[in-house]
Protein chains: 2
Amino acid sequence: MSPSLEFYEDVARSLPVKPIATEINGVTGILNLQLEEADKHDLVLRYFRAFIADLCEQFKGGHPGSAMGMAAIGIALYKYVMKFSPRNCDYFNRDRFVLSNGHTCLWQYLFMHLVGVKSMTVEQLKSYHSTRYDSICPGHPEIENEGIEVTTGPLGQGVGNAVGLAMATKHLAATYNKPGIEVVNNMTWCMIGDACLQEGVGLEAVSLAGHWKLNNLCIIYDNNSITCDGTADVANTEDINEKMKATGWNVIDVFDGHSNIGAIVQALITARSSDKPTFINIRTVIGFGSLMAGNAKTHGAALGAEDVANIKKAFGLNPEEHFVIPPEVYDFFREVADRGEQLEADWNSTIKTYTEIYPELAAEFKLRVEGKMLDEWTKYIPKKEDFPTGPTASRKSAGLVGNPLCENVKNFLIGTADLTPSCNVAYNKKVDFQSPELRTACNLNGDYTGRYIHYGIREHAMGAISNGLAAFNKGTFLPITSSFFMFYIYAAPAVRMGALQGLQQIHIATHDSIGTGEDGPTHQPIALPALYRAMPNLLYIRPCDSEEVAGAFITAINAKETPTIISLSRQNLTQYPQYSSRDGVARGAYVFIEEPEFDVTLIGVGSEMGFTIQTKELLEKEHGLKARVVSFPCQRLFEQQSKEYKQSVLKPKSGKPIVAIEAYAANGWERYTDASISMRRFGKSLPSATTYEYFGFQPKIMAPKISALVEEVKREGIESLRGDFRDLNGYLGIGFEH
Amino acid sequence: MSPSLEFYEDVARSLPVKPIATEINGVTGILNLQLEEADKHDLVLRYFRAFIADLCEQFKGGHPGSAMGMAAIGIALYKYVMKFSPRNCDYFNRDRFVLSNGHTCLWQYLFMHLVGVKSMTVEQLKSYHSTRYDSICPGHPEIENEGIEVTTGPLGQGVGNAVGLAMATKHLAATYNKPGIEVVNNMTWCMIGDACLQEGVGLEAVSLAGHWKLNNLCIIYDNNSITCDGTADVANTEDINEKMKATGWNVIDVFDGHSNIGAIVQALITARSSDKPTFINIRTVIGFGSLMAGNAKTHGAALGAEDVANIKKAFGLNPEEHFVIPPEVYDFFREVADRGEQLEADWNSTIKTYTEIYPELAAEFKLRVEGKMLDEWTKYIPKKEDFPTGPTASRKSAGLVGNPLCENVKNFLIGTADLTPSCNVAYNKKVDFQSPELRTACNLNGDYTGRYIHYGIREHAMGAISNGLAAFNKGTFLPITSSFFMFYIYAAPAVRMGALQGLQQIHIATHDSIGTGEDGPTHQPIALPALYRAMPNLLYIRPCDSEEVAGAFITAINAKETPTIISLSRQNLTQYPQYSSRDGVARGAYVFIEEPEFDVTLIGVGSEMGFTIQTKELLEKEHGLKARVVSFPCQRLFEQQSKEYKQSVLKPKSGKPIVAIEAYAANGWERYTDASISMRRFGKSLPSATTYEYFGFQPKIMAPKISALVEEVKREGIESLRGDFRDLNGYLGIGFEH
């Protein structure tokens, strides 16, 4: 005999967070929404949970527990509260929904099916964990699929994304809404589990949301108190409600979230009218219905055929039947799609009125909806002759290129992880994105129309929020982030998610290479470029001077489906207007200085180009050798070129050696070169120029090594270098003359 | 005329956090320590601040502001509260001090000088920001230098390190202390600025410290309310005290921290007797004494000669004199070194008594102090014949090797980021590291003798804490962390700091490659190995079967100054006891299957070895080609081998092509190969085997491509491949037969 439903209710009651009563703390009922009767809710809950269990059982895998536990939350959201249009998931003013606990995706997929998202058929639902290449039900939600706002899975990222989505709304609303006419007023809902606010990125993001008073953001916490290792208190005993309050959030408790749809609806509606972001702490039961309800075993594995049968029996369903959704369940959700169409119609009507009253603003807003640039951006890019010819730090060049762009083209949202004085991204007449209520001690305030974002010292959240800004609606914004390049290692999980999702944005990464100097090895990236050069769909561009910086910006802005890191120097760099080319940057690498008769090809990159040129000169002067020079700002762009172009740049068939000079780990240069002068150890705290000296990036040290290599090749043939890549590095006295 | 000292006090009073009164909230005076008179404190404060200003002025750079602001905190710590021995900075039971806001290092350097740390001479102090290669005063503190516990700089890391250091003490104390005889009872002090608790890693770490009730840990918050972008409220307006309380910390306020040494001392002493970790929120004035006091401009740049002169005038010092430390200042600190020697003497006497009463424990404790293994670890490593010969996931193999080791050798501290069921690091009879007061809902409890650490879903803090555990005393602990390999991208900043500091530890990274399957592209690492292979002083080892897993552990345990990532499969792998070799792993790569006459060399790695062997067989059967196979678990280890060995493994001079087969980005393999079958795009959510199929890792797809390459080389010579590295990848129908 299978356990009764009361058994599961008992399990629920015995859990660490006891569902003692239906109560929404301190919030009086504001609900004027007519809920369906309790037995209808119960029916939907039972079939929903059984269907989830069936889906995981089918291929003996997946994440059933939370999806079952969150069933009542889904009904509250999808049936009653969330404003969206199932027949047009891209409806511009839709509420955004982020499933930060992405492993519970079956929950979202099944609700999408029930409310009538066309592509989400039962057949598709059943493709979860199947071998079907065309499944739109992957193990975590993916942005490519209809109705999915962002790809989630790596925990905590979704919280940052949701903050970005809410900011996007705030900014558009402040910029375009007029009294009585709101063209944008959507909410952002973010579902999380026990992990998302253990992860630092989530904590950084909620701190910012509280600071910015993003009252259009609501986190819905599926508090089932279970993580993989057991109950969550094995690793977490903090008072999350107090913590969220201290971080500037309103907090609402719901204690019997496995069933009390009314309480959840009321909490969600309360969130819509909050003065702060809202955190709804909903106690649920993981795997509700299963014999293992409330146990971590229901988290990441199928429940087993026997348990699935028991669940159905306990729910009064037929254990012999699988994947059952009776007509009553479809009927229950039937109004949602129609309501969504009405929302769209109302919005279209609002836009029509708006267009009549504010034709200019409306025209601009139309461009935002279409994801188009608001101004002809190319005219703001300086010409080569506009740049200073004296030594210039490329971070300064980036300001020369980026600041006018950002000032004039309002699609840009420019942020910094507390490095305004260093990263040169602050443009003329900038307005900060801030709550208009904020009054800082230094009188640096702003409002929601602001496009300059102070992220604080939170690189990881900056990256995740930037993804959210970019994901709001393709092309509506082009987010820029900025920090020292080294600290894009903090942001790496978010930068990767941006690349995975094809979210265009620009990361201004200053203080690259060992040239950053005195701050020492902790601040000098060595291995990080290897990550970003290997990362699919990401452009890591290291320009060598202002002209190449212009090329980097142009390339980044044209890369509509790809994020770009522009990697810049702290220190002054010699300018090479006679050689450098913005068009060359777009091809990844190009001939910087050609020599008809040559002995060696030198590859110069970014801030090491100066040493490369000096070494070329010394090779000629003291060794009688001719070196041609290739500038190589971006490997991924170069890989996209034709074989003919590539060979014309590198001339590998010439029988002459190719040497890369870059103060990073050599990894990856071996594809193009026979040798490199690079870094196989961490850096050192010294003034910039001395750091380079210390590690042997001196023409007088490099030239003899290259000369010896050239002589060896002349003597033994280029074939002798095969399988014998040379690290011509020298440091700490090796080869030093002083 | 220069401003009076009152001017600066006024500046202090006008700052956002007003120093309204000397008050330690709710804490009654427990101070029975006789403080020096106020005028002596004032004298030291004045000379200290002027000296800092001089140091930054010397080379026109550095971080003067916070170092000057924190002067009174330093006197409280170094003169009165911290238990350490300046003449023997390695004294085992010393209080550990972490400067998490590492840019303020001059503050630490100067106090180290004043208390008599021998190597820290005035000449050395003056080498800060100089071109001297032998400076022990780098721009951020570095572990190599006397008296520095951990290298800091990347913000927030130090908080994690401090949590690890405090855990180390707790664990040793619980294991070895006896009633009335405490062989370990040191405090850990962690200095932070405004950034360290904005960073997620800091927030993760404090959450754990609160959970573990680490009452031997104290964070001292230099709350000057200034960050680079302005006052801190530009990006942060949360109530940090309430947040820390909600996280399980005691909180003490000090309001006039720029001068009130008594209040700071009292707070620090209170922290020593707390039942929880303590957070001391000390309001200070950045750049105290400067005309720009309280302004971000004093943070990261020299103050200018005029301001430095004004500071001295305001302080009643001679503006013409530089680097002045009068005898009274040295006198003030003179007792500290003697007191430190007495501490050591007392501890030695304690150890003597302990040794008499508990000779066996004392012998073991002596090994801990000497940083030696407590047991002959090699005997716990299974022999090749002990392993199962059927298909075995390498994460399971890692359990077979690691679990007996961890069970028996008590130096190991084993942790997981909430993946106990997945990572197989939980050993027999494990005891969890927990507060003995904890009572979890799932009855999974522990105490401080425990060596199994539930980090929760906090990979970044796990890495930073692990660094702290390893840094406590070299060799006392060998920390192990575990998570999915993909989520070592969250931990990357901390893993890097471990490599930079030479802190031995083992990271068990399961679910590597696209073989992790259904969880999809968010969980499938593609670029991450490129980061870890390029990272100096880090071993990234991908074993292909159980025997190689044994080799990976042996190598990792022998690497006393180097952290190791052991990269493991989720899915079952064919075992190759006839070919695989633990000794081969130690050399990075080795011949797996030799063929006297061969057409091609195939490189197999980790979980892709099976496909490599199958491809070899298919090449022979269907293409009549002989392939030799090299197993290549670790590039960095291979690089350390002789040229002769390397060429004997790869045979680059044979004129035969070399092809690597690995489901990661190819970056770096170009050093060793002519072609690779790899990944240039993100993964896909499919069952493990299907994922490999989808991306063309099928022998029937790979063999023809390799065969074509061999034919081309036969036809055109190996030289034809020069500068033309081949990506022989195939996916999404390209080359598919079904």
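The values are calculated or read from the model by the stated rules, or taken from the named source; none is laboratory data. Note that the structure is a prediction, hence the values are computed from the model and not measured. All Cβ positions, glycine included, derive from the backbone under ideal geometry; neighbour counts span all protein chains shown. Note: accessible area is taken over every heavy atom of the protein model, side chains too, but ligands, DNA and RNA are not part of it. Shrake-Rupley method; radii C 1.70, N 1.55, O 1.52, S 1.80 Å.
Assorted remarks:
- Local electrostatic count, B:Gly340, Cβ distance below 13 Å [Lys/Arg +1, Asp/Glu -1]: 0
- Element breakdown for the protein assembly as shown at a 1.4 angstrom probe: carbon and sulfur atoms account for 49% of the accessible area.
- Members of A:Lys621/A:Lys656; B:Lys83/B:Lys118; A:Lys170/A:Lys429; B:Lys379/B:Lys651 lying beyond 24 Å, as alpha-carbon distances in this model show: B:Lys379/B:Lys651
- Only alpha carbons enter this Debye calculation for the protein assembly as shown, each as an equal point scatterer, and the log10 of I(q)/I(0) it gives at q = 0.08 Å⁻¹ is -1.03.
- Spin-label zone in segment B:380-401 - amide nitrogen under 11 Å from a point set 7 Å from the Cα of B:Asn408 along the C-beta vector: B:380-383
- Normalised per residue, the volume of the convex hull around the Cα set of chain B (Å³): 175 Å³
- Of all DSSP beta bridges confined to chain B, the antiparallel ones make up roughly 15%.
- Under 9 Å, Cβ to Cβ, from B:Leu709 - net charge with Lys/Arg +1 and Asp/Glu -1: -1
- At 0.692 mPa s and 37 °C, Stokes D of segment A:587-727 from Kirkwood alpha-carbon radius, µm² per second: 216 µm²/s
- In this assembly of identical copies, the label point of B:Glu620 (Cα plus 7 Å along Cα-to-Cβ) is separated from its counterparts by 5.7 nm, sorted shortest first.
- The H on the amide N of A:Phe592, modeled in the peptide plane, is under 5 Å from the matching H of A:Val629, A:Val630, A:Ser631, each at least 5 residues off or on a different chain.
- Spin-label model, B:Lys313 to A:Lys178: label points 7 Å out along the Cα-to-beta-carbon direction sit 5.9 nm apart.
- Relative contact order [Cα under 8 Å, 6+ residues apart], segment B:584-727, whole percent: 26 percent
- Whichever aspartates and glutamates have a C-alpha closer than 18 Å to that of B:Lys626, once near sequence neighbours (fewer than 8 apart) are set aside: B:Glu594, B:Glu595, B:Glu597, B:Asp599, B:Glu617, B:Asp674, B:Glu711, B:Glu712
- Dimensionless Rg ratio for segment A:150-306, taking C-alpha atoms and the 2.2 N^0.38 Å reference: 1.12
- Between 0 and 90°, nearest 10: helix B:699-716 axis offset from chain B longest Cα axis: 80 degrees
- B:Ser581 sits among other residues whose Cβ lies under 11 Å from its own Cβ, and their net charge, with Lys and Arg +1 and Asp and Glu -1, is -1.
- Entry note, chain B: the mean residue ellipticity at 222 nm calculated from DSSP H runs of n ≥ 4, each adding -39500 (n - 2.57), is -11500 deg cm²/dmol after division by the residues and rounding to the nearest 500.
- FRET efficiency, B:Tyr133 to B:Thr378 (Cβ-Cβ, R0 45 Å, nearest 0.05): 0.70
- Convex hull per residue volume in Å³, alpha carbons only, for segment B:368-422: 92 Å³
- Candidate cross-link partners of A:Lys213 among the aspartates and glutamates, defined by an alpha-carbon separation under 12 Å and a same-chain spacing of 8 or more, comprise A:Asp275, A:Glu437, A:Asp447, B:Glu238.
- B:Ala38-A:Thr574 FRET efficiency (beta carbon distance; Förster radius 60 Å; 0.05 resolution): 0.60
- Fully extended contour minus Cα-Cα distance, from B:Lys560 to B:Lys474, at 0.36 nm per residue: 30.1 nm
- Taking label points 7 Å from Cα along the Cα-to-Cβ direction, A:Gln647 and A:Lys83 give a separation of 6.1 nm.
- For A:Lys560, the lysines whose Cα comes closer than 18 Å to its Cα, not counting residues fewer than 8 places off in the same chain, are A:Lys372, A:Lys410, A:Lys474.
- Think of the protein assembly as shown as having a plus end and a minus end, set by charges on the Cβ of Lys, Arg, Asp and Glu; of B:Val251, A:Pro652, B:Tyr133, A:Pro652 sits farthest toward the positive end of this dipole.
- Buried accessible surface for the B/A chain pair comes to about 9900 Å², total over both chains, computed with a 1.4 Å probe.
- Cα-based helix-to-principal-axis angle, B:5-14 vs chain B, degrees rounded to 10: 60 degrees
- Residues of segment B:528-552 buried by at least 40 Å² on assembly (accessible area, 1.4 Å probe, chain alone as reference): B:Leu531, B:Ala534, B:Pro536
- Nearest-first distances (nm) between copies at B:Glu36, label 7 Å from Cα via Cβ: 7.7
- Extreme residue, positive dipole direction of chain A, given options A:Val409, A:Ser466, A:Gly158 (C-beta unit charges): A:Val409
- Computed from point charges on the beta carbon alone (+1 for Lys and Arg, -1 for Asp and Glu), the dipole magnitude for chain A about its Cα centre is near 1440 Debye.
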